[in-house]
Each structure stands twice: as structure tokens, then as C-alpha cells.
Amino acid sequence: MRLIGLTGNIASGKSTVARLLVEHGAVLVDADRLAREAVRPGTPALARITERFGDAVLAPDGTLDRPALRGHVFADRYELEALNAIVHPEVERLREQRVAQARADGAQVVVCDIPLLFEKHLADRFDKIILVDAPRPLRLERLVRDRGLHEAEAMDMIAAQMPAELKRARSDYVIDNTGSLADLARRVDEVWRAITRGGRAAHARRAAVGGPPS
């Protein structure tokens with residue numbers, strides 16, 4: 001089984017790449033879904049979040065009010081780190097469970113979609129790493145246009161993440177998502193072929209998928 005780390009800063013198009021990889025046959029373990037599972041009502045993580053940030057981050061039905069919580073943390077790195085310290089250990093536990101199950105089921109390629117893969121020092125756990133990237137102005141435009149965020153809030157979310165330039169050098173494959181969906185699909189096809197070529201995959205580098213040469 002090949003274990004692949006998929007990452008990319010917000011609004012890079014990482015979720016679309018994940019969907020395309022699933023269409024090729026990958027088993028997807030999605031950190032965002034695990035994060036939602038980790039903070040369901042009644043979980044220890046949600047109790048700790050409420051204790052740390054107050055009842056104002058809860059919706060009337062007792063679930064986590066994500067926009068309210070986002071307003072607390074994305075403009076304050078200290079608060080964001082406090083939130084991550086609560087949620088990420090539980091997400092990691094759930095991820096290990098899903099990967100173990102996929103291995104037991106005979107999966108050939110498992111893709112772990114992890115936005116903070118490099119920030120949380122998880123790179124060494126994977127056979128290969130795919131980075132999805134797009135220029136910051138384009139990502140800002142997508143956040144405002146597609147998610148309805150105010151520009152200042154979108155800029156805070158972008159600034160809270162490690163610059164993509166630092167991630168490119170540490171990734172095995174970089175998919176630049178600046179064109180059409182068809183362009184993106186072609187690049188994903190190239191990466192998939194490299195990953196599934198077995199031993200030869202170790203020699204495939206970013207230049208094959210539109211990134212800078214090694």
C-alpha cells in the first residue's frame with residue numbers, strides 16, 4: 001500500500017484534487033471530515049473547546065459554530081495554536097484508525113488530505129507528498145467569491161498558514177491549480193500515473209506536473 005499525503009493552502013483546490021484521486025481509485029482519508037467527527041456533541045474535544053473559548057462558539061443545537069470559532073482564532077496565532085492543540089491529537093487518532101482499516105481492506109493507494117501536513121510535522125509519515133498550489137491573489141479571490149467571506153477575514157485565513165513557497169521544496173509533486181478543471185484533471189492524471197508506477201515513481205518529480213524543476 002502506498003500512503004500519500006495531500007496538502008495545500010486554503011482555496012488552492014486541494015479538495016477537487018482529492019475527489020479526482022478518488023475517481024482514479026484512491027481511498028481518501030479527509031482531515032476536515034475527521035475534524036468534524038472529533039468535535040461532535042458529547043466529545044471530549046468539544047468540551048475542551050467550549051471551556052477554552054466559551055459557549056459563544058456553540059450553535060443553538062449544541063454543535064460547534066464554526067464561523068464563530070473562526071472569528072476567534074484566525075486573527076490570533078496564539079488562539080489558533082490553542083485550538084489545534086485540542087483538535088489535532090484526536091484527528092490524528094481517527095486518521096490512524098482509517099489508514100489501518102484501509103490497509104486491512106487491501107487498499108493499494110491511500111490519500112490523506114491534511115491541510116496542515118507540514119505545519120504539524122507529518123511529512124515523514126508518507127511515501128509521497130502532493131502539494132496543490134495557486135497564487136495568493138487567486139486564492140483570496142476564490143475565498144471571497146466562492147465562500148462569501150469578507151476580504152479581511154479571507155486574508156487572515158491565508159496569513160495563518162505556512163507560505164506555500166516553503167512547502168513546494170518539500171513536496172514530491174506540485175500541482176499548480178491556475179487553469180481550468182480540465183487542466184487540473186490532466187495534472188492529476190500525471191501524478192496518479194507516477195504514483196502507481198511502482199519503483200519508477202521514486203524518479204518522478206514536480207517538473208512532470210507543471211511545477212518548477214527539481
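Rule-based calculations on the coordinates, nothing more; no lab input. These numbers come from a predicted model, not from an experiment. Backbone-built Cβ (ideal geometry, glycine too); neighbour counts: all protein chains shown.
Key figures
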item: ³J(HN,Hα), Karplus 6.51/-1.76/1.60, whole Hz, each residue of the stretch 48-64, x for Gly, Pro; result: 5, 5, 4, 4, 7, 10, x, 5, 5, 8, 9, 7, x, 8, x, 7, 6
item: Amide H contacts of Arg2 (H built 1.01 Å from N, under 5 Å, at least 5 apart or other chain); result: Val109, Val110
item: Given charges at Cβ of Lys, Arg, Asp, Glu: the chain dipole, positive-most of Val109, Val144, Pro44; result: Val109
item: Beta bridges per DSSP with both ends in the stretch 2-209, % antiparallel, nearest 5; result: 5 percent
item: Candidate lysines for bridging to Lys14, where Cα separation is under 16 Å - those fewer than 8 sequence places away on the same chain excluded; result: Lys128, Lys167
item: Gap separating the Cα centres of the stretch 114-181 and the stretch 1-58, nearest whole Å; result: 15 Å
item: Ranked Leu181, Leu143, Leu138, criterion: other C-beta atoms within 10 Å, fewest first; result: Leu181, Leu138, Leu143
item: Residue with peak Gaussian network fluctuation, the chain [Cα springs, cutoff 10 Å], from Ala152, Ala75, Ala182; result: Ala182
item: Residue-wise HN-Hα coupling along the stretch 163-175, computed from phi with Karplus coefficients 6.51, -1.76, 1.60 (Hz; x: Gly, Pro); result: x, 4, 4, 6, 7, 4, 5, 9, 9, 7, 9, 10, 10
item: Extension gain from Thr178 to Asp65, taking 0.36 nm per residue of separation minus the Cα-Cα distance; result: 37.5 nm
item: Three-way shape label, the stretch 2-209, alpha-carbon gyration tensor, a/c 1.5; result: oblate
item: Contact order normalised by residue count of the stretch 37-173, Cα under 8 Å, 6+ apart, percent; result: 21 percent
item: Cβ-based charge dipole, the stretch 2-209, positive-most Cα from Ala59, Ile175, Met157; result: Ile175
item: Ranked list, fewest to most other Cβ atoms within 10 Å of each Cβ, for His24, His121, His72, His88; result: His121, His24, His72, His88
item: Ranking of Asp183, Asp61 by count of other Cβ atoms within 10 Å, fewest first; result: Asp61, Asp183
item: Acute angle (nearest 10 degrees) that the helix 77-104 long axis makes with the longest principal axis of the chain, alpha-carbon atoms; result: 50 degrees
item: Size of electric dipole in the stretch 22-141: Cβ of Lys, Arg +1 and of Asp, Glu -1, about Cα centre, debye, nearest 20; result: 100 debye
item: Tilt relative to the chain, helix 136-147 - C-alpha long axis, 0 to 90 degrees, to 10; result: 60 degrees
